[in-house]
Amino acid sequence: MTTHDVLDFATRQGARTNGLESMTGSLTPGKKADLQIIQAEALNNMPLNDPVGTVVLGSDARNISAVLVNGEPRKWNGHVLGVDLPALRNEVQASRAHVLNATTR
């Protein structure tokens, strides 16, 4: 299995398996443009020898500088857009506390 196979499984084949290949899974005119822009020059990705290999094997969440969902930016320049992060942190902490409390009874 190659890195190209893994990328294909995660994109085109994932869309096909979920019955969404007519809407997403590849960059094709008429489909929704869902993109992640990755910092290929980041320290953990150097040297960039193979772009697909870098995406599949070297990159992680800290390398994603931008995300577009249906062509709309949701993360830009490393910052999540349209999310109240302090409120989200409070909700996550409250959820964790609830789960921990329920499991320690």
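Roughly how many debye, to the nearest 20, is the charge dipole of region 3-103 about its Cα centre, given +1 on each Lys and Arg Cβ, -1 on each Asp and Glu Cβ, and no other charges? The partial results should precede the final answer.
Numbers: 9 positive and 10 negative charges, 50 e Å.
Dipole size: approximately 240 debye.
Since only Asn77, Val55, His4 are under comparison, the one whose Cα sits farthest along the positive direction of the charge dipole of region 3-103, derived from C-beta charges on Lys, Arg, Asp and Glu, is Asn77.
Comparing Gln13, Gln39, Gln93 in a Gaussian network model of the chain where C-alpha atoms under 10 Å apart are linked, the largest mean-square fluctuation is found at Gln93. Summed over qualifying helices (DSSP H, 4 residues or more, each -39500 (n - 2.57)) and divided by its residue number, the chain shows a 222 nm mean residue ellipticity of -8000 deg cm²/dmol. The long axis of helix 85-103 is offset from the longest Cα principal axis of the chain by roughly 60 degrees. Here the gap between Ser22 and Asp50, fully extended at 0.36 nm per residue and compared with their Cα-Cα distance, gives a gain of 7.2 nm. Within region 3-103, all pairs of alpha-carbon atoms sorted by distance into 5 Å bins from zero give the percentages 2, 11, 14, 16, 17, 15, 13, 9, 3, 1.
Among Val83, Val52, Val92, the residue with the largest mean-square fluctuation in a Gaussian network model of the chain, with springs joining Cα atoms closer than 10 Å, is Val92.
Comparing Leu57, Leu68, Leu85 in a Gaussian network model of the chain (Cα springs below 10 Å), the most mobile by mean-square fluctuation is Leu85.
Read-outs throughout are calculated quantities, based only on the coordinates presented, and are distinct from any laboratory measurement. Just so it is clear, the structure is predicted and the values come from calculations on it, not from any experiment. Backbone-built Cβ (ideal geometry, glycine too); neighbour counts: all protein chains shown.
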